[in-house]
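Engineer: Starting off with a structure, shown below.
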Amino acid sequence: MTCLLALLGLAAVCAQAQDTPYELDVFKTKSGKTVKFYALVHASIRIVYDGREIEIDPVSKLGNKVIDYAAMPKADYLFVTHEHGDHFDREAIKVLTGDKTQLIMNQRCADMYGAGKAMTNGDKLRLADDFTVEAVPAYNTTEGRSQFHPKGRDNGYLLNLDGLRIYIAGDTEDIPEMSKIKDVDIAFLPCNQPYTMTPEQLVKAAKTLKPRVLFPYHYGQTDVSSLPSQLQSEGVDVRIRHYE
C-alpha cells in the first residue's frame, strides 16, 4: 500500500500498512507520540495511539464489505455515536471488548447494549493523563430530516490525544454548535444526504471548523471528489479515503 504522509505542521511520520488492507494515515503529536488512522468502512475508524487501540463505531458488515475485527487487537477504548445499524453493531463490540476495554456511548446505545459509560452532549471525560474526550452535539436541522438524528440524542466526539485535537462529527448537519469547536487538527465530517450533510453543507462546516486535515466519511454514494478543490483556498488538507 502507498505510504500516506501527514502534513500537519506537527512532526510527521510515514509507515507502510503492510499488515492491513486498509488505508493508513500517520501523525505525530507534539511530544512525538504516534497516532495512526485506519480507514475501515463508512463511519468505522480504527485509531492506534501510542500503542493503544481506539475503535469508533465498529461495524462488521456494510453492503458487500466485511471487517474482520477478530483479526484486530481488543480495543482499549471503544466509542459509539448512536444506535443506527451502520454505527452500532452489538457483535462487533463483543468481539473487540476485552477485560480492560472502556466502552463509551450515547445513552441510548448504553441502554440497548446493557453496558458502557453513557455520555451526553457537553460531557467530558479524562480517560488517561494524555487522553480526554468531550461529547458534542450531532443532529439534523433540515426540515423533514429531524427524525433521523434528533437534537440531544446522539454524540459526536472531540478527542484530545496529547494535544492532537480530533473531531469525529457522527451523523450531523452543519449545526451552529460547530462554531464553538476550536483548534481542530483532524476532522471527520459526514456527507450522505438526506441523513447527514450535503457536499455544500460539508464545505460550510469545514470553513467554520478550519481543520488542518479533513476526512470526509460516511459518504455512501455521494460524490465527494470536488471537496479538495473547494477547500484548497481555505488551507484545508482534504483526504478522500474509502469511507463509502
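Engineer: Just to be sure I understand, how many residues within segment 118-128 are under 18 Å from the mean Cα position of the chain (by Cα) and assigned to a strand (DSSP E or B)?
Structural biologist: Number satisfying all stated conditions: 4.
Engineer: Let me ask something else about it. Taking segment 84-99, which residues are in contact (Cβ under 8 Å) with a residue 40 or more places away in the chain, open to solvent by 10 Å² or more (accessible area, probe 1.4 Å) and over 14 Å from the mean Cα position of the chain (by Cα)?
Structural biologist: The one that is in contact (Cβ under 8 Å) with a residue 40 or more places away in the chain, open to solvent by 10 Å² or more (accessible area, probe 1.4 Å) and over 14 Å from the mean Cα position of the chain (by Cα): HIS84.
Engineer: Moving on. I need every pair where a residue in segment 161-182 that is on the phi > 0 side of the Ramachandran plot and in contact (Cβ under 8 Å) with a residue 12 or more places away in the chain has its Cβ under 8 Å from the Cβ of a residue that is of a type in the set (D, E, K, R) and surrounded by fewer than 24 Cβ atoms within 10 Å (Cβ to Cβ), sequence separation at least 6 or different chains.
Structural biologist: What qualifies is ASP162/LYS30; ASP162/LYS33; ASP162/ASP50; ASP162/ASP130; GLY163/LYS30.
Engineer: Pairs needed: first member in segment 105-117, part of a helix (DSSP H, G or I); second member anywhere, exposed (fewer than 15 other Cβ atoms within 10 Å of the Cβ); C-beta distance under 7 Å; at least 6 residues apart or different chains.
Structural biologist: GLN107/THR120; TYR113/ARG90
Engineer: Only one of (1) at pLDDT 95 or above; (2) open to solvent by 40 Å² or more (accessible area, probe 1.4 Å) fails for PHE131. Which number is that?
Structural biologist: (2)
Engineer: Next question. Scan (1) part of a strand (DSSP E or B); (2) open to solvent by less than 50 Å² (accessible area, probe 1.4 Å) for the single condition LYS36 breaks and write down its number.
Structural biologist: (2)
Engineer: Suppose we filter segment 48-57 for residues that are touching a residue at least 24 places away in the same chain (Cβ under 8 Å) and open to solvent by less than 30 Å² (accessible area, probe 1.4 Å); how many remain? Don't jump to the end; show me each part of the working.
Structural biologist: Quick first cut of segment 48-57, residues touching a residue at least 24 places away in the same chain (Cβ under 8 Å) only: 49-50, 52-57.
Within this subset, residues satisfying the condition of being open to solvent by less than 30 Å² (accessible area, probe 1.4 Å) are 49, 53-57.
Qualifying residue count for the region: 6.
Engineer: Let me ask something else. For segment 19-43, give me each residue that is free of Cβ contacts under 8 Å to residues at least 24 places away in the same chain and within 17 Å of PHE88 (Cβ to Cβ).
Structural biologist: Here is the first cut: in segment 19-43, the residues free of Cβ contacts under 8 Å to residues at least 24 places away in the same chain are 19-21, 24, 26, 28, 32, 34, 36, 38.
Passing the criteria: none in range.
Engineer: Give the residue that is farthest from ARG145 (Cα to Cα), with candidates limited to residues of segment 196-244 that are in contact (Cβ under 8 Å) with a residue 40 or more places away in the chain and open to solvent by 80 Å² or more (accessible area, probe 1.4 Å).
Structural biologist: If we take residues in segment 196-244 being in contact (Cβ under 8 Å) with a residue 40 or more places away in the chain and open to solvent by 80 Å² or more (accessible area, probe 1.4 Å), then ARG212 is farthest from ARG145 (Cα to Cα).
Engineer: Only one residue in SER60, SER31 is touching a helix residue (DSSP H, G or I) at 6+ places or on another chain (Cβ under 6 Å), surrounded by fewer than 24 Cβ atoms within 10 Å (Cβ to Cβ) and among the small types (Gly, Ala, Ser). Which one? Full working, then the answer.
Structural biologist: On the way: SER31 fails: touching a helix residue (DSSP H, G or I) at 6+ places or on another chain (Cβ under 6 Å).
Unique residue meeting the criteria: SER60.
Engineer: Still on this model: I want to confirm something. Restricting to segment 51-65 and keeping residues that are part of a strand (DSSP E or B) and farther than 15 Å from ARG90 by Cα, which single residue is modelled with the lowest pLDDT? It would help to see each step written out before you state the result.
Structural biologist: From segment 51-65, those part of a strand (DSSP E or B) are 52-56, 61-62, 65; that's our starting set.
Within this subset, residues satisfying the condition of being farther than 15 Å from ARG90 by Cα are 52-54, 65.
Values: ARG52: 98, GLU53: 98, ILE54: 99, LYS65: 95.
In this case the residue turns out to be LYS65.
Engineer: Which members of segment 79-119 meet the condition of being touching a helix residue (DSSP H, G or I) at 6+ places or on another chain (Cβ under 6 Å) and not small (Gly, Ala, Ser)? First the steps, then the outcome.
Structural biologist: Step one: filter segment 79-119 for residues touching a helix residue (DSSP H, G or I) at 6+ places or on another chain (Cβ under 6 Å), giving 80, 83, 88, 92, 95-96, 116, 118.
Within segment 79-119, VAL80, GLU83, PHE88, VAL95, LEU96 qualify.
Engineer: Moving to a separate point now. Please state which one of ALA17, ALA39, ALA6 is under 18 Å from the mean Cα position of the chain (by Cα) and at pLDDT below 95. Steps first, answer last, please.
Structural biologist: Working: ALA17 fails: under 18 Å from the mean Cα position of the chain (by Cα); ALA39 fails: at pLDDT below 95.
Residue meeting the stated conditions: ALA6.
The values are calculated or read from the model by the stated rules, or taken from the named source; none is laboratory data. Model, not experiment: these values are computed from the prediction. Virtual Cβ from ideal backbone geometry, glycine too; neighbours counted across all protein chains shown. Side chains are part of the model used for accessible areas, which takes the heavy atoms of the whole protein and leaves out ligands, DNA and RNA. Shrake-Rupley method; radii C 1.70, N 1.55, O 1.52, S 1.80 Å.
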